[in-house]
Structures are given as structure tokens and as C-alpha cells.
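Enquirer: First the structure, which I've put down as C-alpha cells, then a few questions once you've had a look.
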Amino acid sequence: MLIEEIKKYVINTDLSSTQKKSLNYFLENGFPTTKDEDWKYTSLKKVLKRKYCLKSSDFELNDEMIQQYSLGFKHKLIFKNGKIFSEPKISGVSIKQTSDLCMPKNSTLCYLNEAICKNTYEIKFDKNLNLDNPIEILHFINNNNDYFLQLRTKITCGSGSNVKLVERFCNIGKNTLINSCMHADVKRNSFFEISKLQSYNDNTHTIDNTLIDQDRDSTANVHTFSFDGSFIRNNLNFYQNNENCTSNMNGITIIDKSNFVDHHTFVDHKFQNCLSNESYKGVYFDNTKGVFNGKIMVRPDAQKINAFQSNNNLLFSDSASIKTKPQLEIYADDVKCSHGCTIGQIDKKSLFYMRSRGFSEKTAKGLLTFAFLIEVIEKLNTKEIVDYAKTEIAKKLSIEKDLL
Amino acid sequence: MLEIINLKAQIEDKTILNGVNLKVNKGEVHAIMGPNGSGKSTLSSVIAGNEDYEVSSGSITYEGDDLLEMAPEERSHRGVFLSFQYPVEIPGLSVSNFIKTAINEKRKAFGQENISAKELLQLFKEKCELLNIDKEYLSRSLNEGFSGGEKKRNEIFQMAMMEPKLSILDETDSGLDIDALKIVANGVNSLKSSSNSIILITHYQRLLNYIVPDFVHILKDGKIVMSGDKSLAHKLEKEGYSFLN
């Protein structure tokens with residue numbers, strides 16, 4: 001059904017040769033299904049069932065709405081249904097729209113995105129630019145009908161630059177399926193960090209594809225907070241294209257109701273003396289389902305690699321579930337790789353200990369859960385992000401934020 | 001303050017307490033001694049409200065109310081404190097935040113305001129001095145990486161901070177070297193008053209040299225088989241539990 005809609009949509013659209021190729025590739029292969037290894041536990045069937053339109057309609061966006069979703073950063077880059085609404089003026093930063101831009105891909109959804117996304121943006125950070133404050137990217141989404149939205153951003157961090165971004169999607173409209181592709185080109189000796197705040201409403205289904213190319217001596221950090229939204233699939237790929245790269249991934253997932261979150265991460269260690277560090281923690285209430293798949297590839301020449309991965313999960317209900325899978329492929333012999341995943345419940349002994357000290361069951365469970373998450377929170381270095389995380393965590397655990 | 005009448009309790013299908021009777025008045029110190037497996041720790045767990053144990057008959061009255069009807073946190077709010085034989089480790093939760101929250105949960109239960117930062121700091125300072133504790137320790141994760149002795153001292157520190165009416169010290173002396181034992185005993189003695197009571201659960205008479213009990217009870221096969229004054233503990237130390245036979 002959606003495929004028909006896509007075919008109809010492209011008839012009236014001028015596509016470049018790259019876009020045509022991508023479109024054909026997508027039409028030949030279609031949306032991923034559970035027959036694909038990478039989508040084994042993640043079915044798009046229900047998500048794709050709706051009758052989405054691909055055309056956007058306009059809506060009014062005012063300061064009050066922006067303030068409601070903003071964490072209060074000085075620099076704001078605001079999008080309305082994928083189109084720039086307002087941009088910060090920062091010396092050394094250029095933001096421009098392009099129509100045709102080839103980016104790396106990790107699923108057929110990236111091909112589709114390349115073929116039909118109308119608003120592709122390139123954000124360039126000059127060489128040696130030291131961004132004083134993070135840039136807060138807010139995507140406001142609102143459409144008259146159920147909506148299939150493509151977002152497409154290319155980020156270039158010039159060598160020696162220091163860049164922090166915060167990204168948040170705010171759907172204030174009908175059912176929306178977001179297919180977002182972001183490619184970051186992190187040049188030599190630069191630092192790139194993005195925090196993804198996934199606090200969507202129940203009408204939002206998201207597929208987030210983030211691909212990061214790293215050059216020599218660079219560091220890239222991605223923090224992913226998944227708190228709300230009925231369907232979230234994150235594809236996060238790091239490519240270490242030279243020596244001495246560091247890739248850090250941190251994730252906090254706390255979901256309830258019947259929501260679904262899937263984290264698929266991939267680190268490609270291609271060169272020697274590199275590091276990757278991955279820590280994902282998940283808390284699952286009610287009828288939620290989670291998936292974690294962490295793939296680490298160490299290629300034959302990638303000696304002296306340190307790769308750490310952990311995925312720890314707490315299940316709060318008998319009907320919640322998590323499928324977790326570390327996937328290590330190591331073809332070099334002088335490397336250090338470790339991985340671990342756990343699935344458990346709140347420790348009964350700890351709970352009794354705290355209750356016998358006067359903690360209500362709710363407070364005890366909340367603080368034990370927060371203690372479980374703190375290792376990831378301690379890795380965050382932006383005050384506003386820590387504050388956001390604590391606010392959302394307290395809300396999910398129904399405890400006062402002051403206790404955290 | 002506390003009256004236990006014909007208390008029977010079991011875990012799964014195994015009966016552990018088989019008719020315990022005990023009366024503790026305000027200001028008294030009671031020691032409960034007994035061989036391994038006699039039910040000492042079960043008794044303390046039942047008083048604190050551990051739901052792993054099922055009370056099959058009998059009653060516990062605390063300040064005139066049915067203690068068994070109360071949730072563990074309610075017992076704590078009412079002034080019951082159990083110093084655990086095996087305190088749990090909670091990585092990621094600091095000692096200071098743990099104790100602060102414990103104090104505030106109690107205050108909340110009585111509709112009182114949270115403790116002020118100044119008041120809390122003063123209390124921490126005072127009690128750290130009492131138990132010879134370095135203040136740095138307050139920012140450590142609760143019991144994580146603590147030695148056996150440090151864990152026990154931490155329990156007594158919590159007791160000092162929470163000022164309970166009825167304290168049950170479950171084998172607080174085990175794992176303590178002689179210096180630490182003196183510090184802990186000294187702390188407990190200074191918390192003793194005419195309005196609160198203490199139940200000491202111990203294997204050995206050693207602790208009783210430092211915290212002198214008003215009554216000594218011997219628990220065997222889930223029953224108190226003998227009661228007396230502190231001389232009973234000395235007799236036990238000399239002759240062992242075999243004299244009971």
C-alpha cells in the first residue's frame with residue numbers, strides 16, 4: 001500500500017540519476033522484513049499498515065511550542081516537517097539545502113530516503129571550529145493526514161573541530177512514520193557528539209539511521225535516550241577509517257505500555273590503535289518489547305583494538321521482553337574485545353533492605369533502577385542533557401526528581 | 001514496647017519458629033543467643049517484616065499495635081530498625097543519599113517537611129564522629145566494596161542517624177575486629193536511653209562484655225528455652241550449648 005503511494009508520488013517528481021538508481025534499488029528490495037537477519041525480531045508490518053501520505057502540509061509554529069520542547073540551548077536549528085524554519089547564525093557553521101546528495105546506507109530505507117527526500121541539508125563545521133554551545137536540532141512535525149516523513153542530514157566536522165548536537169523530534173500531529181538518515185563525516189582530530197532525545201508521542205514511529213565516518217585521531221559520541229514512541233528502530237553505524245579513532249555509544253531505554261525499541265549498532269574497526277565503548281541499559285515495563293544487537297567487526301589489519309560492549313536490562317513485568325545479541329567478528333589477533341549482556345529483575349533482597357529503612361516500595365524500586373542506570377548517566381557531560389535524562393527517568397519511575 | 005506471643009513462622013514448608021514468647025520493655029537490652037539454625041535470624045526477619053517468612057500463628061504487638069499488619073516501611077517509620085547480618089550492596093546509590101532519603105521517607109509518612117541540608121550535615125558530622133567514620137565514606141556507594149566490618153559499622157551508622165525506638169542487631173559483632181567492636185559497642189551504648197530498646201542477636205558472649213544486657217534468652221529449635229540475666233551468657237560461654245541438654 002505504501003509502496004503504491006511512493007510510486008504515485010515519484011511520477012510527479014524530478015529525480016536525479018542517483019535518486020532514480022536508489023529508487024529502483026528500493027523498489028526491487030522493498031521494506032525490510034523479518035526474513036532479513038537484521039530485522040528478525042522487528043516487524044514493520046503493523047507500522048506500514050497505515051495509509052500514509054508523503055506530501056507535507058503547512059502549520060503554524062510559535063515560540064511557545066518551541067519552548068515547550070527545547071532544553072534551552074542558545075543555538076537552535078528548527079525544522080518544520082523536514083524544512084528549515086529557523087537557523088542559528090554561528091561563524092564557521094554553514095547550513096544549506098541540497099537536492100541530490102549520495103550518502104552511505106545501511107538498509108533499503110536509506111535508499112528510499114535518498115530517492116524521495118526533498119529536503120536534504122548539509123551542515124558544515126569549519127576546520128578548528130570550537131563550538132561554544134551545543135546546537136539543538138528540533139524537528140517539529142504536524143500534518144493533516146497520517147504522514148511518512150523523510151529527514152536527511154549530512155554533517156561535516158572539519159579537522160580539529162569540536163561539535164556537539166542535540167536532536168529531538170516533536171510530533172504534534174497525526175500518526176507519523178519518520179525515516180531519518182544522518183551521515184556525519186568526522187574529519188581528522190575532530191570531536192563530534194550527538195544526543196538523540198527520543199521522547200515521542202504515541203503516534204510516532206521512527207526509523208533512525210545514523211552513519212558516522214571517522215578519520216584519524218577523531219572521537220565520536222552518540223547518546224541515545226529512548227523513552228517514548230510506539231515504535232523506534234535505531235541503526236547506528238561507526239566506520240573507523242583511520243588509526244586512533246574513538247567511538248562511544250551510550251543508551252538509556254525506559255519504555256512502557258506496548259512500545260517497542262530496537263537498537264542495532266555496528267562498529268567497523270578497520271585500522272589499528274582504535275577504541276570503541278558501548279553501554280546500553282534498558283528498563284522495560286508493561287507489554288514492551290526491546291531488541292539489542294551490537295555488532296563489532298575487527299578487520300585483519302586492525303590490531304591493538306579495544307572494544308567494549310555491554311547491554312544490561314531490567315524487566316518489570318512478566319509480559320515485557322528483550323532480545324539481546326552481541327555479535328563480534330574478530331579477524332585480528334592482538335585485540336581486546338569484551339562484551340556482556342544481562343537480563344534481570346529488581347533484586348528482592350535489596351528491595352527488602354530499603355523498605356526496612358523506611359523506603360516505600362515505589363521509591364525503593366525507583367532508586368534501585370536509577371542506580372542501575374547511573375553508570376551511563378555519569379558518562380554524560382552536558383548539564384541540560386543530564387537534567388533531561390533525570391526528568392524523564394523520574395517520570396517513568398513515578399518518583400520525585402529531587403531524589404535522583 | 002514489644003510483645004511476642006507464641007510466634008510460629010515458616011519458610012516454604014519448613015517451620016523455624018515454634019512458639020516464641022518475648023516481652024521487651026522500654027529502656028531494656030535483651031540478648032538472644034543460640035546455636036546455629038535455632039531461628040535467631042528468622043526472628044529478626046519476621047520482626048522487620050521480611051515477606052519470605054510466613055507467620056502461621058501467634059502475634060507481635062508493638063506499642064500496642066499489631067506489628068504483623070504493618071508493611072516493612074511502616075515498621076521502620078514507627079521506629080523499628082534491623083541491623084542486617086548481611087547488608088546488601090547497592091552500587092550507584094551513595095551512603096548519604098540513601099540515609100537522607102530514608103530520613104525523609106519517614107518524615108513524609110508523618111506529614112513533616114524534608115530535613116534541611118544544614119540539619120542533615122550537622123547530624124552526619126555528629127554521628128561520623130561517634131562511630132569514628134571518615135566523612136569521605138558518605139559519598140561512596142552503599143556497602144559496595146566495603147569490608148565485613150565496614151558494612152556492620154555502616155548499619156550502626158544508619159541506626160544512629162535514624163534514632164529508632166526498637167533496634168535489632170543481628171550478629172553485628174561477627175566480622176568485627178576487637179577495635180571495631182569497641183567502636184560499634186561504644187556507639188550503641190551512647191544511643192541507648194530509657195525510651196528505646198535493643199535486641200542483640202549473637203552467637204558469642206564477647207559483644208555482651210561491651211553492651212551489657214538486662215536479659216539473656218536462649219533460643220533453641222525455634223523456642224526460647226531459658227532466660228536469665230547476664231550471668232547466663234557467661235555460663236553459656238564456659239559450658240557451650242550442650243548444657244541445655
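Enquirer: Have a look at B:E105, B:E126, B:E144 and point out the one that is modelled with pLDDT of 90 or more, farther than 19 Å from B:I211 by Cα and either touching a Phe, Trp or Tyr at 6+ places or on another chain (Cβ under 6 Å) or among the aliphatic types (A, V, I, L, M) (or both).
Expert: Values: B:E126 fails: either touching a Phe, Trp or Tyr at 6+ places or on another chain (Cβ under 6 Å) or among the aliphatic types (A, V, I, L, M) (or both); B:E144 fails: either touching a Phe, Trp or Tyr at 6+ places or on another chain (Cβ under 6 Å) or among the aliphatic types (A, V, I, L, M) (or both).
Sole residue among the options that is modelled with pLDDT of 90 or more, farther than 19 Å from B:I211 by Cα and either touching a Phe, Trp or Tyr at 6+ places or on another chain (Cβ under 6 Å) or among the aliphatic types (A, V, I, L, M) (or both): B:E105.
Residue by residue, here is whether (1) of a type in the set (F, W, Y); (2) at negative phi holds:
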site: B:G175; (1), (2): no, no
site: B:I178; (1), (2): no, yes
site: B:A185; (1), (2): no, yes
site: B:S193; (1), (2): no, yes
site: B:T202; (1), (2): no, yes
site: B:Q205; (1), (2): no, yes
site: B:V212; (1), (2): no, yes
site: B:F215; (1), (2): yes, yes
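Enquirer: For A:T156, state whether it is without any contact (Cβ under 8 Å) to a residue 60 or more places away in the chain and surrounded by 22 or more Cβ atoms within 10 Å (Cβ to Cβ). If you could, list the steps in order and put the result at the bottom.
Expert: Numbers: without any contact (Cβ under 8 Å) to a residue 60 or more places away in the chain: yes; surrounded by 22 or more Cβ atoms within 10 Å (Cβ to Cβ): no.
No; evaluated as a whole, the condition is false for this residue.
Enquirer: Related question: For the range B:61-96, which positions are more than 7 Å from chain A (Cβ to nearest Cβ), crowded, with 19+ Cβ neighbours inside 10 Å and hydrophobic (A, V, I, L, M, F, W, C)?
Expert: Across the range B:61-96, the qualifying residues are B:L67, B:V80, B:F81, B:V95.
Enquirer: Testing A:E384 on (1) modelled with pLDDT under 95; (2) outside the structural domain of A:S258 (by TED's automatic domain parsing), one condition comes back false. Which one is that?
Expert: Exception for A:E384: condition (1).
Enquirer: Among what's in the range A:349-373 and is among the basic types (K, R), facing chain B (nearest Cβ under 8 Å) and part of a helix (DSSP H, G or I), pick the residue that is farthest from B:M70 (Cα to Cα). Step through it out loud before you land on a result.
Expert: Applying the first criterion (among the basic types (K, R)) to the range A:349-373 yields A:349, A:355, A:357, A:362, A:365.
If we keep only those that are facing chain B (nearest Cβ under 8 Å) too, we end up with A:349, A:355, A:357.
Then keep just the ones that are part of a helix (DSSP H, G or I); that gives A:349, A:355.
On the way: A:K349: 18, A:R355: 12 Å.
Step by step, filter the range A:349-373, then rank; the result is A:K349.
Enquirer: Another one. So, A:I343, is that one out of contact with any His (no Cβ under 8 Å at 6 or more places or on another chain), within 20 Å of B:I99 (Cα to Cα) and more than 9 Å from every other protein chain (Cβ to nearest Cβ) or not?
Expert: Values: out of contact with any His (no Cβ under 8 Å at 6 or more places or on another chain): yes; within 20 Å of B:I99 (Cα to Cα): no; more than 9 Å from every other protein chain (Cβ to nearest Cβ): yes.
Answer is no for this residue.
Enquirer: Anything in the range B:193-245 that is loosely packed, with under 14 Cβ neighbours inside 10 Å and closer than 19 Å to B:M162 by Cβ? List them, or say none.
Expert: B:S193, B:S194, B:S195
This table checks each residue for (1) within 21 Å of A:E167 (Cα to Cα); (2) modelled with pLDDT of 95 or more; (3) assigned to a loop (DSSP other than H, G, I, E, B); (4) not basic (K, R).
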| site | (1), (2), (3), (4) |
| --- | --- |
| A:K46 | no, no, no, no |
| A:R50 | no, no, yes, no |
| A:K76 | yes, yes, no, no |
| A:I90 | yes, yes, yes, yes |
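Enquirer: In the list A:L23, A:L71, A:L15, A:L27, which residue meets the criterion of being under 24 Å from A:K164 (Cβ atoms) and either assigned by TED's automatic domain parsing to the domain that holds A:I178 or in a helix (DSSP H, G or I) (or both)?
Expert: Values: A:L23 fails: under 24 Å from A:K164 (Cβ atoms); A:L15 fails: under 24 Å from A:K164 (Cβ atoms); A:L27 fails: under 24 Å from A:K164 (Cβ atoms).
So the residue among A:L23, A:L71, A:L15, A:L27 that is under 24 Å from A:K164 (Cβ atoms) and either assigned by TED's automatic domain parsing to the domain that holds A:I178 or in a helix (DSSP H, G or I) (or both) is A:L71.
Enquirer: Now a separate question. Let me confirm something: among A:I377, A:I393, A:I343, A:I399, which residue is of a type in the set (A, V, I, L, M, F, W, C) and under 22 Å from A:S276 (Cβ atoms)? I'd like the intermediate steps shown before the answer.
Expert: On the way: A:I393 fails: under 22 Å from A:S276 (Cβ atoms); A:I343 fails: under 22 Å from A:S276 (Cβ atoms); A:I399 fails: under 22 Å from A:S276 (Cβ atoms).
Just one listed residue meets the conditions, A:I377.
Enquirer: For the subset of the range B:110-146 comprising residues that are among the polar types (S, T, N, Q) and in contact (Cβ under 8 Å) with a residue 12 or more places away in the chain, which member is surrounded by the most Cβ atoms within 10 Å (Cβ to Cβ)?
Expert: First, the residues of the range B:110-146 that are among the polar types (S, T, N, Q): B:112, B:114, B:116, B:122, B:132, B:139, B:141, B:143.
Remaining after also requiring in contact (Cβ under 8 Å) with a residue 12 or more places away in the chain: B:132, B:139, B:141, B:143.
Details: B:N132: 14, B:S139: 10, B:S141: 18, B:N143: 21.
This residue is B:N143.
Results for (1) outside any strand (DSSP E or B); (2) within 14 Å of another protein chain (Cβ to nearest Cβ), shown as yes or no for each residue.
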| site | (1), (2) |
| --- | --- |
| B:L22 | no, no |
| B:H30 | no, no |
| B:G37 | yes, no |
| B:V46 | yes, yes |
| B:S59 | no, no |
| B:F98 | yes, yes |
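Enquirer: For B:D52, are the conditions met, namely being over 14 Å from B:K165 (Cα atoms), at pLDDT 95 or above and either in contact with a Ser or Thr (Cβ under 9 Å, 6 or more places away or on another chain) or at the interface with chain A (Cβ under 9 Å from one of its Cβ atoms) (or both)? If you could, list the steps in order and put the result at the bottom.
Expert: Numbers: over 14 Å from B:K165 (Cα atoms): yes; at pLDDT 95 or above: no; either in contact with a Ser or Thr (Cβ under 9 Å, 6 or more places away or on another chain) or at the interface with chain A (Cβ under 9 Å from one of its Cβ atoms) (or both): yes.
The answer is no for B:D52.
Enquirer: Right, B:K182: of a type in the set (K, R), in contact (Cβ under 8 Å) with a residue 12 or more places away in the chain and within 24 Å of B:R75 (Cα to Cα) or not? Even if it seems obvious, please write down each step before you answer.
Expert: On the way: of a type in the set (K, R): yes; in contact (Cβ under 8 Å) with a residue 12 or more places away in the chain: yes; within 24 Å of B:R75 (Cα to Cα): no.
So B:K182 does not fit the description; no.
Enquirer: When you go through (1) part of a helix (DSSP H, G or I); (2) more than 24 Å from B:N196 (Cβ to Cβ); (3) within 14 Å of another protein chain (Cβ to nearest Cβ) one by one for B:A102, which number turns out not to apply?
Expert: All conditions pass for B:A102, except number (2).
Enquirer: For the range A:374-390, how many residues meet the condition of being in contact (Cβ under 8 Å) with a residue 12 or more places away in the chain, within 14 Å of chain B (Cβ to nearest Cβ) and of a type outside the set (A, V, I, L, M)?
Expert: Adding up the residues that qualify gives 3.
Enquirer: I've got another one for you. When the range A:27-43 is examined, which residues are found to be buried (at least 16 other Cβ atoms within 10 Å of the Cβ), closer than 20 Å to A:Y147 by Cα and in contact (Cβ under 8 Å) with a residue 60 or more places away in the chain?
Expert: Passing the criteria: A:F31, A:P32.
Enquirer: Can you tell me which residues in the range B:167-183 are of a type outside the set (G, A, S) and more than 13 Å from the chain's Cα centre (by Cα)? Outline the logic, then answer.
Expert: As a first pass, look at the range B:167-183 and keep what is of a type outside the set (G, A, S): B:168-173, B:176-179, B:181-183.
Result: B:L176, B:D177, B:I178, B:D179, B:L181, B:K182, B:I183.
Enquirer: Let me ask you something else. Could you please give the count of residues in the range A:78-88 that are part of a strand (DSSP E or B) and not β-branched (V, I, T)?
Expert: Step one: of the range A:78-88, the residues part of a strand (DSSP E or B) are A:78-80, A:83-86.
Within this subset, residues satisfying the condition of being not β-branched (V, I, T) are A:79-80, A:83, A:85-86.
Summing the residues that are part of a strand (DSSP E or B) and not β-branched (V, I, T) in the range A:78-88 gives 5.
The values are calculated or read from the model by the stated rules, or taken from the named source; none is laboratory data. Note that the structure is predicted; figures quoted are calculated from it, not measured. Note that we place each Cβ from the backbone using ideal geometry, even for glycine, and neighbour counts take in every protein chain shown.
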